[in-house]
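*Asks:* Pasting a structure below so you can have a look.
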Amino acid sequence: MNTDKTFYFMAGLPRSGSTLLSSILNQNPRFYSGPSSPVVPTMLALEQSLSQDELFLGYPKIDVAKNIIASILPQFYDDIDKPVIFDKNRSWVNRMNYISGYFDITPKVLCPVRDMAEILTSFIDMHRRNPYEVDGRVNFIDEMLIKSNIPLNDYNRCQFLLGSNGIVGQSYDGLKQAIMEGFDHCLHFVEYKDLVNNPKETMEKIYEFFGEKPFKHTFKNLKNPHRENDSMMYGLADMHEVRPELKSTSKDPKKILPPEIIEMCQNSEFWRNISSDEIDNDIVEEQYDIEISEFNSESTSLIGTTKI
């Protein structure tokens, strides 16, 4: 990949501070960290299209195809005049081979994470403070339940989020997959509580992981300069809102979630139980025995190997 830009990546779990982290990273004039990008799904779609195209299969130009697919990342950021780019998409952990295979660089991925019960609490609390419809759009959680003829209640909302088609379940499985494939040293987990309560130390560790020159960040008057159209995309108007002051406003999960969901989420934060120096895949696999796994039997995340 011929480019003068350095590319890093961000994945992790939803409602774990990725937008907040991007807002802080963007204070560095060398950095650009925008909203979730379509780079991964575009690469996958093109790869699959070429792999199934009879004209390509009749006269395959493998190296040319690889170069075209690899060009998607730098081309998408051609308009960004910053030397360091953080591409955000939670599917990167399902496609770590893309980073090393297509871009010929060592993957380095930021993974914001958080207590699973707190993640679900954040979703349910956000659901409650938003109207049923925003600009004519029903929020994406209830939309899927309605299509599946499932009653609308918080228990079912949490089950959907944790399930094979849910944003939490997919992201959770993706992190496990990356570890089990041996990419543990390419991931840097950023705990939401650490980012909020110890931002200076947390940012220093991030810079150390990437080998970047330290930068003095401020943690006041924060803002999201690359705001997505949350109403149109998610039916939730404040999905990616960043508060000016760095503090946690999290609700107590016991006051928001059904007791069964809280019990289901207990001890599911596998990244805290595995040493980053010696990953034991048997331990990771054993973690699938927790009750949460029943909703993840068929992950619909982007999983597979490079076909081209």
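FYI, it's all coordinate maths here, none of it is from the lab. None of the values given here were measured: they were computed from a predicted structure. When we count neighbours, we look across all protein chains shown, and the Cβ atoms used for this are built from the backbone with ideal geometry, even at glycine.
*Asks:* Under a crude label model (7 Å from the Cα following the beta-carbon direction), how far is Asp79 from Phe215 in nanometres?
*Replies:* Between Asp79 and Phe215, the label points sit 2.1 nm apart.
*Asks:* Continuing with the same structure: For the chain, give me the percentage of DSSP beta bridges that are antiparallel, rounded to the nearest 5 percent. Before the final figure, lay out each step's value.
*Replies:* Working: 2 of 18 bridges.
Roughly 10 percent of the DSSP beta bridges within the chain come out antiparallel.
*Asks:* Also, quick follow-up: Need the C-alpha centroid separation for region 1-60 versus region 109-169, integer Å.
*Replies:* 24
*Asks:* State whether region 1-151 is rounded, prolate or oblate according to the following rule on the C-alpha gyration tensor (a ≥ b ≥ c being the square roots of its eigenvalues): a/c under 1.5 gives rounded; otherwise a/b larger than b/c gives prolate, and the remaining case gives oblate. Kindly include the intermediate steps, with their values, before the conclusion.
*Replies:* On the way: a/c = 2.41, a/b = 1.41, b/c = 1.71.
It is oblate, given that a/c is not under 1.5 and a/b is not larger than b/c.
*Asks:* Given the DSSP H assignment, sum -39500 (n - 2.57) over each helix run of at least 4 residues in the chain and divide by its residue total; what's the result at 222 nm in deg cm²/dmol, nearest 500?
*Replies:* Taking each H run of at least 4 residues, the total per residue is -12000 deg cm²/dmol.
*Asks:* How would Glu260, Glu212 line up from fewest to most surrounding beta-carbon atoms within 10 angstrom?
*Replies:* Fewest-to-most Cβ neighbours within 10 Å comes out as Glu260, Glu212.
*Asks:* Here is the link list: Lys176/Lys216; Lys82/Lys223; Lys108/Lys193. Which ones come out longer than 30 Å on Cα distance? Working shown, then result.
*Replies:* Values: Lys176/Lys216 33 Å; Lys82/Lys223 19 Å; Lys108/Lys193 22 Å.
As for pairs spanning more than 30 Å Cα to Cα, those are Lys176/Lys216.
*Asks:* Just to be sure I understand the model, the point goes 7 Å from the Cα along the line to the Cβ. What's the resulting Arg129 to Lys255 distance in nm?
*Replies:* Simple spin-label model gives 1.3 nm for this pair.
*Asks:* Moving to a separate point now. Compute the Rg/Rh shape ratio of region 6-295: radius of gyration over Kirkwood radius, all on alpha-carbon atoms. It would help to have the intermediate numbers written out before the result.
*Replies:* Working: Rg = 19.7 Å, Rh = 20.4 Å.
With Rg and the Kirkwood Rh in hand, the quotient comes to 0.96.
*Asks:* Now, a different point. How far is it, in nm, from the label point at Leu152 to the one at Gln52 when both lie 7 Å from their Cα along the line to the Cβ?
*Replies:* The answer from the label model is 3.5 nm.
*Asks:* Could you tell me whether region 142-241 comes out rounded, prolate or oblate from its Cα gyration tensor? Rule is a ≥ b ≥ c as square roots of the eigenvalues, rounded for a/c under 1.5, then prolate if a/b exceeds b/c, otherwise oblate.
*Replies:* Working: a/c = 2.78, a/b = 1.53, b/c = 1.82.
Oblate shape, in that a/c is at least 1.5 and b/c is the bigger or equal ratio.
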